[in-house]
Amino acid sequence: MALKWSDVLDIAIELAEGKPDVDPRYVNFVELHRWVVELPGFSDDPTRGGEKVLEAIQAAWIEEA
């Protein structure tokens, strides 16, 4: 499955499963952006990952955790 920035919930699930020891409340956006871009199957333009989408991903990840 190809992940895009709009797949906020799917990205959050991937991060929750891939980084079970990380507390998403304390992840900075630079690190979060890098982790999203490095996800297997991520195939969107890295420059489109702005603060609003990163906030949404972090909030969804907190819900998953």
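At a 1.4 Å probe radius, carbon and sulfur cover how many percent of the accessible area of the chain? Heavy-atom surface of the chain belonging to carbon and sulfur, 1.4 Å probe: 51 percent. With every protein chain present, what accessible area does R34 have (1.4 Å probe, heavy atoms only), rounded to the nearest 10 Å²? Looks like 110 Å² after rounding.
Between V22 and A65, the modelled label-to-label distance comes to 1.0 nm, taking each label 7 Å out from Cα in the direction of the beta carbon.
Grab the DSSP H runs of the chain that are 4 residues or longer, score each as -39,500 (n - 2.57), total them, divide by all residues and round the 222 nm result to the nearest 500 deg cm²/dmol. Don't skip to the answer; put the middle values down first.
Details: 3 runs with 35 residues, N = 65.
Only helices count here, giving -16500 deg cm²/dmol.
Calculated accessible area for the chain comes out at 63 Å² per residue, all protein chains present (probe 1.4 Å; ligands, DNA, RNA ignored).
The values are calculated or read from the model by the stated rules, or taken from the named source; none is laboratory data. If you're wondering where the values come from, they're calculated on a predicted model, not measured in any experiment. Heads up, the Cβs are rebuilt from the backbone with ideal geometry, glycines too, and the neighbour counts pull from every protein chain shown. SASA here: full protein model, heavy atoms, side chains in, ligands and nucleic acids out. Shrake-Rupley method; radii C 1.70, N 1.55, O 1.52, S 1.80 Å.
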